[in-house]
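Only one structure is covered here, and it is reproduced in the block below.
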Amino acid sequence: MASPRASSVCSQTSAGRSRSGSSEPLYCTALGKALLAGMTEDELRTAVRSETLKRHTERTVTTYGQLAEETGSVMRTGLARDWEEYRAGVRCLASPVFDFRSRIIGAIGISGPKERIDEQAMTDHGERVRREALALSAELGFRLVPTTGDSNE
């Protein structure tokens, strides 16, 4: 059985290597991490079962523990990042898209050369990616529920 992979719907990345419909590993791409968000380490092992966590660059996540930390962070922050984990020189940001049952059904993201996606760009563009993912999720019936402690009780 083929392993799950993130599919690109862009015509090409800034590095010129990705084509429409191409697939990339879930564990080392922002879109993939957004799709895997909220899974436990055991669930990640099942979801990525036939995929070895192969190192593509010196920054690639190579353990399920690291992957669980990163995907857990996506659920807390609403943003996944690929800081040159799959391709050297290319950075990506993505946010999960939820359906009316609060299930992750997709993700949207941006990518660009490392010179244009720095920490400041992550803050600026990351917020926009999160907002757009939440807006799309809302159109699909998702309703964000405040967590305990966020209310004025």
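The values are calculated or read from the model by the stated rules, or taken from the named source; none is laboratory data. Since this is a predicted model, take the numbers as computed values, not measurements. Cβ sites come from the backbone with ideal geometry, for glycine too, and all protein chains shown count toward neighbours.
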Meets criteria (at pLDDT 95 or above and farther than 13 Å from Ala107 by Cα) for Thr57: yes
Can you pull out every residue in segment 45-54 that is charged (D, E, K, R) and either in contact with an Asp or Glu (Cβ under 8 Å, 6 or more places away or on another chain) or over 14 Å from Thr29 (Cβ atoms) (or both)? Arg45, Arg49
Search result, residues across segment 37-61 that are of a type in the set (Ser, Thr, Tyr), assigned to a loop (DSSP other than H, G, I, E, B) and either surrounded by fewer than 13 Cβ atoms within 10 Å (Cβ to Cβ) or touching a His at 6+ places or on another chain (Cβ under 6 Å) (or both): Thr40, Ser50, Thr52
Write out, first by first residue and then by second, each pair whose Cβ atoms fall under 6 Å of each other, whose residues are 6+ apart or on separate chains, and whose first residue, in segment 106-118, is charged (D, E, K, R) while the second is in a strand (DSSP E or B) and crowded, with 18+ Cβ neighbours inside 10 Å. Lys114/Arg91
Restricting the first residue to segment 71-94 and requiring it to be more than 18 Å from Val48 (Cα to Cα), which pairs with a second residue that is assigned to a strand (DSSP E or B) and among the β-branched types (Val, Ile, Thr) meet a Cβ separation below 6 Å and a spacing of at least six or different chains? Leu93/Ile110
Scan (1) under 21 Å from Ala47 (Cα atoms); (2) without any contact (Cβ under 8 Å) to a residue 40 or more places away in the chain; (3) among the hydroxyl-bearing types (Ser, Thr, Tyr) for the single condition Thr123 breaks and write down its number. (1)
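Is there a residue being closer than 19 Å to Val129 by Cβ, out of contact with any strand residue (DSSP E or B) (no Cβ under 7 Å at 6 or more places or on another chain) and surrounded by fewer than 21 Cβ atoms within 10 Å (Cβ to Cβ) anywhere in segment 103-113? Break it down stepwise before answering.
The initial filter retains those residues of segment 103-113 that are closer than 19 Å to Val129 by Cβ, namely 104-113.
Then keep just the ones that are out of contact with any strand residue (DSSP E or B) (no Cβ under 7 Å at 6 or more places or on another chain); that gives none.
There is no residue in segment 103-113 that is closer than 19 Å to Val129 by Cβ, out of contact with any strand residue (DSSP E or B) (no Cβ under 7 Å at 6 or more places or on another chain) and surrounded by fewer than 21 Cβ atoms within 10 Å (Cβ to Cβ).
Output the strands (runs of 3 or more DSSP E) that fall wholly within segment 62-152 and possess 1 or more residues being within 13 Å of Leu31 (Cβ to Cβ) and in contact with a Pro (Cβ under 7 Å, 6 or more places away or on another chain), or say none.
90-98, 104-113
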